[in-house]
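One structure is given here, and the rest of the page talks about it.
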Amino acid sequence: MLELYHSINSVCAQKVRIALAEKGQQAKDHLMTLRGDQFEPAYLKLNPSGVVPTLIHNGEPITESSLILYYIDDVFPEPPLMPKEPRQRHRVRMYNKLIDEYLHNSCMILTFATAFRPAFLKMAPEAWQAEIGKSPLKRRAEYKRSVIEHGLDSEFVAEALAQHRKLLSWMASSLNSGPYLAGEAFSNADCAVIPYILRLELLKLGGMWDRYPAIAEWWGQMRTRPSVKASILDRMTEADAAPFKNLQPDPWPKVRELLQAA
């Protein structure tokens with residue numbers, strides 16, 4: 001039996017939902033608000049980092065989204081989401097390593113600096129500082145504090161954009177040799193990257209890949225892929241989409257300025 005603790009907008013949860021959908025697997029939903037429920041003692045027993053997703057398989061918690069992708073492929077081998085060719089397998093792992101070590105925090109920085117910032121600024125400073133201070137990952141709390149206070153003028157934004165540019169460069173190179181990120185077949189590399197490209201689109205930053213037509217073509221195909229449509233796009237309610245609508249100010253002019261200055 002599979003259970004999944006997740007939230008609709010979590011990029012880490014989205015990639016796991018894509019993988020499960022590709023395998024034709026259903027998991028019992030435990031939807032979380034991420035407004036403090038991730039720090040409740042019962043959940044921290046499952047996931048001591050207080051993050052989503054957590055996959056429960058036959059009663060045992062499996063954590064860390066990149067590792068969950070590999071686990072799903074091990075337990076449910078058909079259709080495979082890991083290539084057989086060693087260099088392509090290495091490429092999948094490299095994408096996940098980039099995401100885990102750099103891109104995920106960079107995505108969080110851009111999201112909190114734009115879409116999520118207005119809600120926090122409506123709160124008393126001590127209230128939102130107390131909320132983000134609950135995170136067991138103190139460095140992440142520092143990023144959030146800075147971008148809530150300073151928005152896209154935060155000292156962390158330039159590096160966050162640089163990591164996204166690195167991802168896009170890798171993607172363009174990969175897509176020169178095949179229709180997917182790790183060769184001729186859809187893989188865990190695509191599962192892992194899709195949510196981050198969607199997040200850029202939701203943040204009105206799709207202009208970042210204007211010079212990469214291969215990425216635009218890949219993204220057009222990914223958006224209509226049944227697993228992506230069913231596990232992400234069709235699951236977003238108006239409430240889920242609300243933070244990304246009518247972003248004020250539009251982040252693209254400032255981001256374009258930062259990219260040109262880099």
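The values are calculated or read from the model by the stated rules, or taken from the named source; none is laboratory data. Nothing here was measured: the structure is a model prediction, and the numbers come from that model. Please note: Cβ atoms are built from the backbone with ideal geometry, for glycine as well, and neighbour counts cover all protein chains shown. Accessible surface is based on the protein model in full, side chains and every heavy atom, while ligands, DNA and RNA are left aside. Shrake-Rupley method; radii C 1.70, N 1.55, O 1.52, S 1.80 Å.
Of note:
- Scanning the stretch 134-151 for residues that are open to solvent by 30 Å² or more (accessible area, probe 1.4 Å) and touching a helix residue (DSSP H, G or I) at 6+ places or on another chain (Cβ under 7 Å) yields 134, 140, 143, 144, 145.
- Restricting attention to the stretch 5-43 and to residues that are modelled with pLDDT under 95 and either at positive phi or surrounded by 13 or more Cβ atoms within 10 Å (Cβ to Cβ) (or both), the residue that is nearest to the chain's Cα centre (by Cα) turns out to be 34.
- Inspection of the stretch 175-198 finds a residue satisfying the criterion of being modelled with pLDDT of 95 or more and among the charged types (D, E, K, R).
- Residue within the stretch 84-98 that is buried (at least 19 other Cβ atoms within 10 Å of the Cβ), over 16 Å from the mean Cα position of the chain (by Cα) and not β-branched (Val, Ile, Thr) present: yes
- Flag if residue 115 is hydrophobic (A, V, I, L, M, F, W, C), at pLDDT below 95 and either over 18 Å from residue 170 (Cα atoms) or open to solvent by 60 Å² or more (accessible area, probe 1.4 Å) (or both): no
- Filter pass, residue 55 being touching a strand residue (DSSP E or B) at 6+ places or on another chain (Cβ under 8 Å) and either modelled with pLDDT of 95 or more or open to solvent by 60 Å² or more (accessible area, probe 1.4 Å) (or both): yes
- Taken over the stretch 200-226, the criterion of being open to solvent by less than 50 Å² (accessible area, probe 1.4 Å) and touching a Leu at 6+ places or on another chain (Cβ under 7 Å) is satisfied by 203, 206, 208, 209, 212, 214, 215, 218.
- Qualifying residue in the stretch 243-259 (condition: free of Cβ contacts under 8 Å to residues at least 40 places away in the same chain, closer than 20 Å to residue 11 by Cα and either touching a Lys or Arg at 6+ places or on another chain (Cβ under 6 Å) or hydrophobic (A, V, I, L, M, F, W, C) (or both)): no
- Selection from the stretch 173-221 of residues that are on the phi < 0 side of the Ramachandran plot and of a type in the set (D, E, K, R): 184, 190, 199, 201, 210, 211, 217
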